[in-house]
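The values are calculated or read from the model by the stated rules, or taken from the named source; none is laboratory data. On a predicted model such as this, the values are computed, not experimentally measured, just so you know. Neighbour counts are summed over all protein chains in view; Cβ atoms, including those assigned to glycine, are modelled from backbone coordinates with ideal geometry. All accessible areas refer to the heavy atoms of the entire protein, side chains included, with ligands and DNA or RNA removed. Shrake-Rupley method; radii C 1.70, N 1.55, O 1.52, S 1.80 Å.
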Amino acid sequence: RQPHKSYSHPVSRSEDGARKAHANLNGWKLQCGESSITLYLSYVDSEAASVPLPEGLALVEHFVSPEEEAQLLNVIDWSPTQGDVTAQKSLKHRRVKHYGFEFRYDINNVDKDKPLAAGLPDECVPILQRCVEQGHTNVLPDQLTVNQYESGQGIPPHVDTHSAFEDTILSLSLGAKTVMEFRHPDGRVAAVVLPERSLLVMKGESRYLWSVVFCVRITPRKVDMVPAEAPRAGAPTEPGIQSNLTLSRRGTRTSFTFRKIRHEPCRCAFPSACDSQGAPSPSPGPSLPSCPADAARLEEEYVHRVYSTIASHFSDTRHTPWPRVCHFLSSLPSGSVLADVGCGNGKYLGVNADLVTVGCDRSTALVQICAARGYHAFVSDALSVPLRTASCDACISIAVIHHFSTAERRLAAVKELVRLLKPGGQALIYVWAFEQEYNKQKSKYLKQIFKEDHGEFSSTNLLSEKSQKSSGEQISDPSCHLENSHKPSDNMQGVSRVPDAHLSVHTNRTAFISQDLLVPWHLKGGKSQQEENPDLSSSQASASALKLESGTVPVFHRYYHVFQQGELEHLCAQVSGVKVKSSYHDQGNWCVVLQKE
Ligand SMILES: [Zn+2]
């Protein structure tokens, strides 16, 4: 029972007991004095509900005092003159310094013969001695990595290379609370809250086997008002702030990670993750797939799992059907059979009540949302839809095919849509465009800087019929075969497409710098006002962000392949028995209408 809460979490000894309690008590009305209370029950499988912490992981709260924390943060000099001796680097999402030895992210290892000019700062010594005295480690570390993350930034999944460091890894969290996610190779995930000034001790399984998946951002409140200490001479005064208060920048987390360089090969009990025992070096993040099995794995982890986790929040942000998709649906004859392959929360399934519609999606959670709305939907992979060949008058595939990670799989997805069509039937395909600026117009995605960073385009502007026609639509000559059409690879202009390259994490609301990337999704517990109404002014938007007090916001990465101009047409041209009827750019998406011959 939770005191002063309107809920409790009773545990039943057996599943049968839980089922009986549910059957007998759900909806039961209680009379409490004047008021009547209704009980609502639901039960969960305990195995799914709680994940124990990784073995070997220990968290020591209040390990350093606020004074020590301030002292440690002061020691770190981020000025460029100090850059060389500490191998300072500004990475994409953080800045990092090394003491003792440099950890090289390009080789995922340390150069043990090249100690850095800067040893561990003296201020660390008493803290490390305390670690030894309290039994957290047997040996004094000789390597320190200092990472500083702004709020909202994370780290790619990784296990510290076994051959580089000894067993125990000590990590101090300073400046801000954060959440670390640990992922076991078998799929188990455990989240650990790291309060400021806490020490995280990773040994054994937690050090050797579990990946630290991402760091989670703190409430997007950037500053706190705190009582000022003695005024600093020459410090700039903040307008509107009383003299005894000051603003403290928040949300910057600095971690001090202490390790001991390993000089002998690792002989841990986890050979599958051990580079000393023949396993490949741990990768700093996912790469473009090099074989079909890799592609399926990448999509499983970076598309399907993410959607199943964010389904409810995702659905809450997807109310408004895109006008030109609606236009396509409205143009279909009454009684047409429509399949929406990758239907999400079903927002297109009810647009035209004169159609016979069925949706499918890879996410069970999203299909359940469709079902709750009264739509026909089923769980299916877009590469193998369990519908008869030539059974549909029309198909739509809206924001789906960009989640396939190889050209072969994207082609297979188009072929599967075409298979479903009757002769003469039409398919509408939308994919996210590499070109977010088209005809000198920035897409809504680039413009919506105040909207929360969902990393997705939601075109809600109602284009008039006339402006739709003029916004870049190309009605292609039906006799023209597409063999001669623009091949995207001719014109890559600095776009990285190196196979085996690690996928970069996209910065939301900015232009794309590569075609294959990971797009962050910041999960909210509940829907915020900005998502309800993207047109809120910036002041209202920041006010609603402030309402999310003391919450942490997990960040999930979704894989995308964003299409260059001409690429979608080129892809469709490889499918026989179908013609591109028209193609256009719509608010940051490339779109085609296909017709089966
Ligand atoms: Zn090992």
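Taken over the range 23-68, the residue count meeting the criterion of being on the phi < 0 side of the Ramachandran plot and at pLDDT 90 or above is 12. Tallying residues that are surrounded by 15 or more Cβ atoms within 10 Å (Cβ to Cβ) and either in a loop (DSSP other than H, G, I, E, B) or not assigned by TED's automatic domain parsing to the domain that holds S163 (or both) within the range 98-116 yields 6. Right, G100: within 22 Å of E264 (Cβ to Cβ) and either modelled with pLDDT of 85 or more or of a type in the set (A, V, I, L, M) (or both) or not? Yes: the conditions hold for G100.
Within the range 574-597, being small (G, A, S) and open to solvent by 30 Å² or more (accessible area, probe 1.4 Å) holds for S576, G577. Among the residues of the range 169-214, the ones that are within 16 Å of the ligand (Cβ to nearest atom) and open to solvent by less than 10 Å² (accessible area, probe 1.4 Å) come to 4 in all. Filtered by the rule that a residue be in a loop (DSSP other than H, G, I, E, B), over 11 Å from D160 (Cβ atoms) and not hydrophobic (A, V, I, L, M, F, W, C), the range 262-271 gives H263, E264, P265, R267.
Going through (1) surrounded by fewer than 14 Cβ atoms within 10 Å (Cβ to Cβ); (2) at pLDDT 85 or above one by one, E166 falls short only on (1).
In the range 316-372, the residue that is farthest from C395 (Cα to Cα) out of those that are crowded, with 23+ Cβ neighbours inside 10 Å and hydroxyl-bearing (S, T, Y) is S363. Just so you know, in the range 272-291 the residues that are outside any loop (DSSP other than H, G, I, E, B) and at pLDDT 85 or above include one that is farthest from the ligand (Cβ to nearest atom), and it is S272. Listed by first and then second residue, the pairs with beta-carbon distance under 9 Å, at least 6 apart or on different chains, first residue in the range 171-185 and in the same structural domain as N74 (by TED's automatic domain parsing) and within 25 Å of A273 (Cα to Cα), second of a type in the set (D, E, K, R) and open to solvent by 10 Å² or more (accessible area, probe 1.4 Å), are L172/E69; L172/R197; V179/R217; F182/R188; H184/E205.
Out of curiosity, is K487 of a type in the set (K, R) and at pLDDT 85 or above? No: the conditions fail for K487. Name the residues in the range 172-191 that are within 22 Å of V75 (Cα to Cα) and part of a loop (DSSP other than H, G, I, E, B), would you? G175, A176, K177, listed by residue number. Here Q71 fits the description: touching an Asp or Glu at 6+ places or on another chain (Cβ under 6 Å) and at pLDDT 75 or above.
So how many residues does the range 126-144 have that are in a loop (DSSP other than H, G, I, E, B) and hydrophobic (A, V, I, L, M, F, W, C)?
2
Test each condition in (1) under 28 Å from the mean Cα position of the chain (by Cα); (2) within 16 Å of the ligand (Cβ to nearest atom); (3) hydrophobic (A, V, I, L, M, F, W, C) for A269 and report the one that comes out false. Single failed check for A269: (1). For H263, the criteria (1) out of contact with any helix residue (DSSP H, G or I) (no Cβ under 6 Å at 6 or more places or on another chain); (2) within 16 Å of the ligand (Cβ to nearest atom); (3) within 29 Å of L503 (Cα to Cα) hold in every case but one, which is (3).
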